[in-house]
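This report refers to the structure that appears directly beneath it.
Derivation of every value follows stated rules applied to the coordinates shown; laboratory data play no part. Please read these numbers as outputs of a predicted model, since none were measured by experiment. Here the Cβ is made from the backbone with ideal geometry for all residues, glycine too, and neighbour counts use every protein chain on show.
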């Protein structure tokens, strides 16, 4: 057998030899290639063993009890740490062990017997665990791992893994916890496709959404230390094998390796693949004839003429045009189709409706829209304003070029303005979220390109400043934008910061204490706060004042938390030490009521206490009498292993989100008692 040893194992072994030589029994003999027959036979099923657990208290196993099963989960892929998942024909159980690189001794499919007399059963958020001893921390009993492995563990032959139980997302139940299961006809949600399973750089554990064709969902949870944390999530549908677990009421799956994921088929809602092409004009004519949904077995193909990157269109919408007509497609989720891409959209059975007079294929599953790569550029129709007004319905959602046009009605593009030529005038609208909304209107006649649109009355929409002969971004020195206004841009539907803008704020996160990933920092000014995610790790310290050029940078949410994403590190410049904002005095109830407004700002809560005991690591719960709220501490934080304070205290924390509200402290100075 070839042994593999990670750096973590070697470090752990060195520390064990030099610091705690007598604590852990690590003198293992080399296992045979295929193993030997077990020297003991189980007398207790895993189900019977788990039934010995007394809910709410750590339970010492006093009777003779030997379980016998097969290893179905280990640390080979890095998604399990110092634990084994052992399963027999009745149930499975998580076994806590004081050993890393355990896969060398306990590979998947290895038969194993464990002498459990004197060991301890505990529970972690709904999962029964088998540990080695009980220890006290802050006056509370805690479950320790098993250290005397040689005396208790018997390794048998490599008999192979049991066939995973075939389940559906909805049928998974308590009896399946810590067992190997297989889900068929599942796929990752479209918004997860192309992302990675976890964060391999910040070592952040992440949840990804898996769904079936009926819309049932389950979490796939992957450690940032997993070997496959940086693997790209596949787009297809198929079979997924995993160890099933729970975290309270949340169902979740843990992969063992990438081979557990076999998603290569056609997605649930991607159509049949046999749809026939119809023109966009034919689809519009069907609606004009009374059709409220697309014809059966049909798709349309065209060029995306809208520009998602410059924010003058909702991030769920796109406008596409073929050589016959154009139409708006409104998707269920934000999309990534760029201006100029050729795409196909399955329209069979999809809603056809008007929004304030503008025809759209509405609420289209993102899986029904696919890219064929960059297509041929659409040549705008040269027309006068009067021509556009006379043909507004026929030309709707197509490109036109108006020569020698003037734009008036304001100082900037923002809001409603008027386009005029010698034949007439009509409205033009620019969203406040557009990157160019604050740019000045041209002072002289120009040749302009625009999309013909409607909002009860005909109007024009430009995509970017190039449509009016300008540069892609604003000119001159960047202007300051306050964080409150930057958040408003996103709330209004913008996916990027306005052009030619910078922010100036104080760093209120603490990179040195490790409770934030190295690429992230939280900044706050007098109006609000926001997370900044850089392309690489940064060096800005708590309390520094920074100036960041955010021109046209991505605004997006990560599990509900708004961030300026993928910021080039060179865009941020220190202004020296600043004055840290005074935390807002608040109750938990007030924080929850003002979550979005106060997100990424400092709050101070008095007379608060933890509902449980233990250490800061992971998710804990705070209670101040007005409500309860989660507080999360990364395992990498310097204080993650520190004991939670007993009794009431005052806490200063950052208001945050990870799918639900949570608080984050920066360091232990945020706890005052």
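Some points to look at:
- Computed extension length for residue 377-residue 484: 34.7 nm, one decimal, from 0.36 nm per residue of separation with the Cα-Cα distance subtracted.
- Panel order for 268, 213, by other beta carbons found within 10 Å of each beta carbon, from fewest to most: 213, 268.
- A Förster distance of 25 Å, applied to the separation of the beta-carbon atoms of residue 628 and residue 268, puts the FRET efficiency at 0.10.
- Percent of beta bridges antiparallel (DSSP, the chain, rounded to nearest 5): 85 percent
- Extension reserve of the residue 296-residue 638 stretch, reckoned as 0.36 nm per residue once the Cα distance is removed: 117.2 nm
- Calculated FRET value between residue 38 and residue 619, using beta carbons and R₀ = 41 Å, to 0.05: 0.55
- The alpha carbon centroids of the range 92-135 and the range 598-673 are separated by 30 Å.
- Here Cα extents along the principal axes in Å was calculated from the structure, and among [x] 69, 60, 55; [y] 114, 65, 48; [z] 96, 62, 45 it sits at label [z].
- Cα-based helix-to-principal-axis angle, 7-18 vs the chain, degrees rounded to 10: 30 degrees
- Fewest neighbouring Cβ atoms within 10 Å first, the residues 159, 452 line up as 159, 452.
- For the range 165-265, the alpha carbon convex hull comes to 91 Å³ per residue, rounded to a whole number.
- In this rough spin-label picture, where each label sits 7 Å from Cα along the Cβ direction, the residue 455-residue 570 distance is 3.8 nm.
- Footprinting exposure proxy for 556, 600, 593 (fewest neighbouring C-beta atoms within 10 Å first): 593, 556, 600
- Value of relative contact order over the range 479-577, rounded to a whole percent, pairs C-alpha under 8 Å and six or more apart: 30 percent
- Note: relative contact order over the chain, using C-alpha pairs below 8 Å and six or more positions apart, is 7 percent.
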